[in-house]
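*Asks:* This is the structure I have questions about; it appears just below.
The values are calculated or read from the model by the stated rules, or taken from the named source; none is laboratory data. Given the structure is predicted, the values throughout are model-derived calculations rather than measurements. Quick reminder, even Gly has a Cβ in these numbers, built from the backbone with ideal geometry, and neighbours come from all protein chains shown. Surface accessibility is based on the protein's heavy atoms, side chains included, excluding ligands, DNA and RNA. Shrake-Rupley method; radii C 1.70, N 1.55, O 1.52, S 1.80 Å.
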Amino acid sequence: MESWPEIDKAAKEKRREIVLHGTGVDERISSNGGLSPAIYSLTLLNHLEVSQCPSLTEIQEDIGHLTNLQSLVLCRNNLASIPSVIGGLKSLKVLDLSANALRSLPGEIAQLKELNTLNVSCNQLLCLPEGLDQCTKLSTINVSKNHITCFPADFCSDRLELLSTIIASDNSIEELSGDVYKLSALKVLDLSNNKLTEVPSGLSDCSRLKEINFKGNKLKDKRLEKMVNGCQAKSILDYLRGGKGKGKHGGDNGDDVEQGAGGRNSGTKIRQGKNKKKADDEELEEVNKMTVKVLHLSSSPDVFTVKVTEEVKNVRPYLVCCVVRGMILGPGDALKRFLVAQTKLHDDSCGKRTTATIATHDVRLLKCPLVYEARPPPQLQMLPLGRKETTAVDLMRQLRLEADEQRKQRKRQNVSGLHRYLQLLDGQSLYPCLVDAEGHVVSFPPITNSEKTKITKATKELFLEVTSSTSLQTCKDVMDALLVRMAELNRQTAQSMEEAGSDGEDEKNGTAAAEPVGSGGGASSTSSSSGELVVQQVQTVDQDGNLKVVYPSKTDLSAEVSNLTVVW
């Protein structure tokens, strides 16, 4: 058996946390036929993480000895099952089993009375175990990207009075229980890309609900289907509350009353009701319409090119970029909402930055042409966001100190976001970076951007960059999702400006949000103020100038978003 210095050190120093991940650990797991049994003797552990090890296919029942565990992270491995003894880890608060090969979960998970975070996304689960309502401290559950067809019968229970976030996108869920109103703390509900045909009106009684996503479901109520593709949560809840059928506290809607009326005018009323509904649908469709125009390289006066060097291939090889004009960031909290959306994409589509990373830059501050390369950590010097100029070595050291402090302050109830991606560069002799024409590092994925190219409310053109060590398609999928979300945010901002008559207010405040968005882009004040985006293609080439990829191409931005129009 190979030695495991990390385990030996943890035992000797009586450490309460241990993190094992990456290629070196995976090779030892492969050669030893699994984790070293010695790890199960570390009974003082509060936090155990074993991740990014495809050779790890099982966890031994001896894990039941680690009764002091508060967080157990076993993500991005190849686990096919979880032993039932996990139900004996009575102190467990965080359980992350995401990105494995699990087809089922042990029912004993329901015995984890202290559990507040459960992440089983990106597996092959067909169902969830019964009895989750016994986990009365559960706050967040993520079951996205599985094959789940329904929630357990006892899931929508008033016993789950702390459950605030349910992420169940990309499954095959056919029904949401009308008892969903019992989840009184619910704030975020994501059921996008499932097989729902109805949304229960009882959802409108979730008074704290702030974020809803039902996109990608074929709802019977076509008006509601259009609404979920474009409207904010409040509009959807208002509609569920009084606009369709019989709600928990409501009666029939106006159209049904008209169509049920007798007498000689009943036919006229029916036609009027239908005509009004059709007009409302058309108006709603127009309001929710989003347009993205793609500006081809051949028609662009300024061609953006990124050269990719040979050295970066073994570090973080995949990159796609584009330039966006027409994004309205000036009024109100538009910039903040955009940054929040980017963070959410990092958490969801990018797997907490483990599969991909997004970076945004102000084009005016970017000196082209750009080079995507890899440098030794001591030679990678930059001005990180919100910090002083430093080297990558010092920056990583400082971030680890901050992450450790953050974890101590949280008392290990949650896994720090910083810990999730700092480790991605462990053991690397070269770090990836995007460098401008003056030799300045403007991006250090997956860690940070540069203060030099930071976007602000005054930004008119954005340079978007997505990198990944997984695949080129991953980069494209994330960029697609980012552009769709930007189009949604831009439409909402443009609508708010129109309703509030904020054009004049913007001029008074000096934001000039609806001004033309720079030279050579084909974007005008009309397109900007209407929320229309213009996306300019960016090409990446190898060291010899040979084309690697152009984004967006004809096969990109093809997601089925009913109210998004892409003009080529």
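*Asks:* Do the alpha carbons of any pairs in K222/K336; K145/K476; K93/K352; K336/K454 sit beyond 22 Å of each other, and which pairs?
*Replies:* The pairs that break the limit, which is 22 Å between Cα atoms, are K222/K336.
*Asks:* Let me ask something else. Taking only protein heavy atoms into account and a 1.4 Å probe, give the accessible area per residue of segment 452-491 in Å².
*Replies:* Solvent-accessible surface per residue comes out at 28 Å².
*Asks:* Quick check on my link table: of K9/K388; K14/K452; K182/K226, which ones sit more than 32 Å apart, alpha carbon to alpha carbon?
*Replies:* On the way: K9/K388 34 Å; K14/K452 44 Å; K182/K226 26 Å.
K9/K388; K14/K452, as the Cα separations exceed 32 Å there.
*Asks:* When ligands, DNA and RNA are left out and all protein chains stay put, how many square angstrom of accessible area per residue does segment 293-358 have with a 1.4 Å probe?
*Replies:* Accessible surface, normalised per residue, equals 39 Å².
*Asks:* Report I358's accessible area, 1.4 Å probe, all protein chains in place, as a number in Å² to the nearest 10.
*Replies:* Per-residue accessible area (I358): approximately 10 Å².
*Asks:* Separate question: Note down the net charge around T459, summing +1 for each Lys or Arg and -1 for each Asp or Glu among other residues with Cβ under 10 Å from its Cβ. Please list the in-between numbers first.
*Replies:* Numbers: positive: R364, K454, K457, K460; negative: D362, E461.
Overall, the nearby charge balance is +2.
*Asks:* Give, rounded to the nearest 20 debye, the magnitude of the charge dipole that segment 1-127 has about its Cα centre when Lys and Arg contribute +1 at Cβ and Asp and Glu contribute -1 at Cβ.
*Replies:* Computed charge dipole of segment 1-127: roughly 320 debye.
*Asks:* Are there any GluC sites (Glu not before Pro) in segment 83-165 that are in a DSSP loop and have at most 14 other Cβ atoms within 10 Å? List them by number.
*Replies:* Within segment 83-165, the qualifying GluC sites (Glu not before Pro) (loop, at most 14 other Cβ atoms within 10 Å) are E130, E161.
*Asks:* So, one more: About the Cα centre of segment 134-220, how large is the charge dipole given +1 on each Lys and Arg Cβ and -1 on each Asp and Glu Cβ? Please answer in debye to the nearest 20.
*Replies:* Numbers: 11 positive and 11 negative charges, 49 e Å.
Computed about the Cα centre, the dipole is about 240 debye.
*Asks:* Amide H neighbours of L295 under 5 Å, at least 5 residues apart or on other chains, H built in the peptide plane: list them.
*Replies:* Here V535, Q536, Q537 satisfy the definition.
*Asks:* While we're on this one: Going from most exposed to least, what order do K222, K367, K93 have by accessible area with a 1.4 Å probe?
*Replies:* Listed by decreasing accessible area, they come as K222, K367, K93.
*Asks:* Per residue of segment 543-554, what does 6.51 cos²θ - 1.76 cosθ + 1.60 with θ = phi - 60° give for ³J(HN,Hα)? Whole Hz please, x for Gly and Pro, Karplus curve as stated.
*Replies:* 4, 8, x, 6, 5, 9, 7, 10, 10, x, 9, 4
*Asks:* Could you state the number of Å between the C-alpha centres of segment 198-232 and segment 415-485?
*Replies:* Here the two parts' Cα centres lie 33 Å apart.
*Asks:* Turning to a different aspect of this structure: Residue-wise, which Karplus ³J(HN,Hα) couplings in Hz belong to segment 435-452, taking 6.51 cos²θ - 1.76 cosθ + 1.60, θ = phi - 60°, and x for glycine or proline?
*Replies:* 10, 8, 5, 9, x, 7, 7, 9, 8, 10, x, x, 8, 6, 9, 9, 4, 5
*Asks:* Leaving out ligands, DNA and RNA but keeping every protein chain, what accessible area does E402 have, in Å² rounded to the nearest 10, with a 1.4 Å probe?
*Replies:* 60
*Asks:* Next up: Report ³J(HN,Hα) in whole Hz for each residue of segment 199-205, in order, from the Karplus equation J = 6.51 cos²θ - 1.76 cosθ + 1.60 where θ = phi - 60°; Gly and Pro get x.
*Replies:* 10, x, 5, x, 4, 5, 8
*Asks:* Another one. At 1.4 Å probe radius, can you tell me the per residue accessible area of segment 63-166 in Å²?
*Replies:* For segment 63-166, the solvent-accessible area averages 34 Å² per residue.
*Asks:* Accessible area, 1.4 Å probe, largest first: how do D158, D348, D190 sort? Mind dumping the intermediate values first?
*Replies:* Working: D158 100, D348 55, D190 15 Å².
The ordering from most to least exposed comes out as D158, D348, D190.
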